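One structure is given below, encoded as structure tokens.
What follows draws every value from the coordinates through simple rules; no lab data is involved. Owing to the predicted nature of the structure, the values given are computational and were not obtained by experimental measurement. For neighbour counting, all protein chains shown are included, and Cβ atoms are generated from backbone atoms with ideal geometry for every residue, glycine included.
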Amino acid sequence: MTFAEGKIPFLPERLVGLADVALNLSWRWSRDTRAMLKAVDPALWSLTRHNPVEMLRLVDPARLTQCAGDPRFLELYDRAMAGLADARIAQDTWYQQTFPDAPQGRIAYFCAEFGLHNSLPIYSGGLGVLAGDHCKAASDLGVPLVGVGLLYSKGYFDQKISLEGWQEDSDEAFDPAIMALTRLTAPDGGTTLCTLTGWGRTLELGAWRLRAGRVDLILLDSDLPGNEDEDRELTRKLYGGGQEYRLRQEWILGVGGVRVLRALGIEPVAFHANEGHAAFMLLERAAEMTRQGVELEEAVRHVRAHSVFTTHTPVPAGHDVFSAEQIDAVVDGKWSDFGIDRDSFHAFGHHPELDHGRFHMTALAIRLCRHVNGVARMHGEVTRGLWTSLWPGRKASTLPIGHVTNGVHLGSWMAHRVMELFDASLGADWEERVDDDDLWAAVHDFDDDDLWGVHMKLKYALLNFVREQSRNRWRTHQWDATHLVGSGTLLSPAPLTIGFARRFATYKRADLLFRDPARLQRLLTSEHRPVQLVFAGKAHPADDDAKRILQEIFRATRDPRFEGRVAFIEDYDLHVAHRLVQGVDLWLNLPRAPMEASGTSGMKAALNGVPQLSTLDGWWAEGYTGKNGWTLPLALGEPDVVDAADHEQVFSILEREVVPRYYRRNEAGLPTEWIATMKESIFEAGRFFTTRRMVQEYTRDYYLPALRGDAPDEDPPIR
Ligand SMILES: *Cc1c(COP(=O)(O)O)cnc(C)c1O
């Protein structure tokens, strides 16, 4: 007998439920379930980087039989199974309790990337991780969401750094067989769920389902035998080609996504486009109505009333834009499929001031969504300024664009050990009280010694992880010895350790600390108060400027002046991210303001008691309280001037405030002032910067109005 559609070859009768557990990512944030899976085979659990499907494929059947007869294991198992069953039938979710009269119907959440688990590399950075955390929180809260994305069967890319420090990319292909993925089939049993036309061809489209608790994620797949080779490539790589490839992917996501939902009998009432990549979804829904004879104007009114759009980009150049020719080539004359002529189609993506004749996905989304938001307070403001011209005659401050500040999923990002400290201090039911500020205020009363002890254990775990990763690469990649130094093997547990990990985009300025190497050297190699820096991150495959910054960091890691106190961890992903945000002492974030819409890695760190030092940008502009970290004063002027000012500020804060506070110890050797900063970080992040609070806001202020089809404001004209 085989289980989980043949993915798992053997399970003892008593443990058949493991197949359901393995096929639902909710194990990731259910502590009982995670403990149970780990207990199956701790070594394999670690070797498969926490992939239960793969582990259950590899584990010795004798071991499973042994588990089936072990009362301790069975207790864990039964508890995990009860949790799964509860989640399936729960009548008492936040959503049902808070909005008993909510209109029936689901919300479809479209996004070009989803970061749910490292085993599924279909995300490149913050946007994807946020989308993954959004789905998890929706599941926790019982918000009826269904996600729609692309499969990317060859993932993003695996990062390898050459001896010269140049990033080399290789495919990160994954095998759906060892993933928690289920292929969805049409009523006739076939893999083709719908077709769509584009660039002069007709494509067949299939899909896979990924379960994240109560939320299903539908991942579109064009890699079907009926398609041309070129089209089969389209759902293989995230950022796999140029603009044209990207445009075709967005076409598949938007137009194909709506059709696949229909083919599966899923009829959402509200639709959420998370970033402009998904905006063709809005046009296709209007087109569905015009194909049934509804007037375009009426169709547009309907789509607007039921649609939500979230923008994540604070700079004009960051928004998705295509040339008129590219759009023409994709539609290939089939304007009538959308019930409109070419000019009207282009008018949807028209920007009244910027690059005439180009098609702006954000303009399209704003015109077709009545519910629009940025992702932090400051970003909401910037967004109103960016798009004022879509509402002629109105002032930016009056535009109907709001903000919902991003958050992170507590159950996924707070370390197990920190949760255990909460259990011990606040009672095991504390997770049911996370909406209550008082719960978070109680963190201030945690025992200093206990919190510091937990932190140091997490720091050791990070250093161990770094060493094990280096050991593996030393063996498999035939590294030379300097690579070993640069990958962090000389890091030690006592020094103040600063983490900096995120995509290598130039505006994030990973290189800012290196402008004055002598000053950096003094900071790092101080005899009594040394400092260590740990970097990680991938540069976009087409971004050579970012790759040059990465190269500069890489060279610094092997520069003897820095004594092995600068490390670069290769292949940044969710797995590495977890260890870093939990194990360093300070999180550093240096975007050139106001380029960071929100940023979320600092929230993950804060939930683990790791304070942040950051420019006053994104979430930090509302998250910084004066007690939970440090902020650079906002510098104004040309980029060079700003960089110089920020460089001076960051060093001065590190030298005068951060380092002294970290090393100031009481008689018992505890950094009590530092620990106070840690507690304040947990308090502020926990009470506000979680996706739980974020999805609650989306639900109240955006989803419910979109489900009802409310019309709160005047729409921007289409021209
Ligand atoms: C959280 C996260 C990000 C986003 O980090 P920012 O600091 O917001 O840029 C990127 N990549 C991974 C893997 C993450 O977990």
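Here are a few things to note about the model shown:
- Whichever lysines have a C-alpha closer than 29 Å to that of LYS627, once near sequence neighbours (fewer than 8 apart) are set aside: LYS457, LYS459, LYS508, LYS604, LYS679
- Under 5 Å from the amide H of VAL408 lie the amide H atoms of THR690, THR691, each residue being 5 or more positions distant or on a separate chain, with H modelled from the backbone and absent for Pro and chain starts.
- Whether the range 457-579 is rounded, prolate or oblate, judged on the alpha carbon gyration tensor where a/c under 1.5 counts as rounded: rounded
- Two-decimal ratio, the range 1-145, of alpha-carbon radius of gyration to 2.2 N^0.38 Å: 1.16
- Its Cα centre serving as origin, the chain has a Cβ charge dipole (Lys and Arg +1, Asp and Glu -1) of approximately 880 debye.
- Under-5 Å amide H pairs with LEU632, H placed in peptide plane, nonlocal only: SER614, THR615, LEU616
- Formal net charge of residues neighbouring ASP543 (Cβ-Cβ distance under 13 Å; K, R +1; D, E -1): +2
- Among 19-26, 662-669, 678-685, 417-424, the order from most to least packed when residues are scored by Cβ within 10 Å on average: 678-685, 19-26, 417-424, 662-669
- Length released on extending from GLN243 to ARG262, taking residue separation times 0.36 nm less the Cα-Cα span: 4.0 nm
- Sequence-separation-based contact order of the range 2-88, relative, with Cα cut under 8 Å and 6+ spacing, percent: 33 percent
- Overall, the range 517-562 carries a charge dipole of about 180 debye about its Cα centre when +1 sits on the Cβ of Lys and Arg and -1 on the Cβ of Asp and Glu, all other atoms neutral.
- The overall shape of the range 2-88 is rounded: from the C-alpha gyration tensor, with semi-axes ordered a ≥ b ≥ c, the ratio a/c is less than 1.5.
- Packing around the peptides 442-451, 296-305, taken as the average count of other Cβ atoms within 10 Å per residue, puts them in this order, highest first: 296-305, 442-451.
- Protection proxy ranking of 170-177, 483-490 - average other beta-carbon atoms within 10 Å, highest first: 483-490, 170-177
- For the chain, diffusion coefficient by Stokes-Einstein and Kirkwood Rh (Cα), 25 °C, 0.890 mPa s, µm²/s: 92 µm²/s
- The GluC sites (Glu not before Pro) of the range 518-608 meeting both criteria, a DSSP state outside H, G, I, E and B (loop) and at most 16 other C-beta atoms within 10 angstrom of the site's C-beta, are GLU527, GLU563.
- With contacts taken as Cα pairs under 8 Å and at least 6 residues apart, the range 480-688 reaches a relative contact order of 21 percent.
- Three-way shape call for the range 258-371 based on the alpha-carbon gyration tensor, with the a/c threshold at 1.5: oblate
- Based on Cα contacts under 8 Å between residues 6+ apart, the chain shows a relative contact order of 13 percent.
- Kirkwood Rh in Å, taken over the range 593-719 so that all alpha-carbon pairs contribute: 17.3 Å
- Along its principal axes, the range 480-688 has C-alpha extents of 43, 36, 34 angstrom, given from the largest down.
- Listing TRP166, TRP619, TRP208 from fewest to most neighbouring C-beta atoms within 10 Å gives TRP166, TRP208, TRP619.
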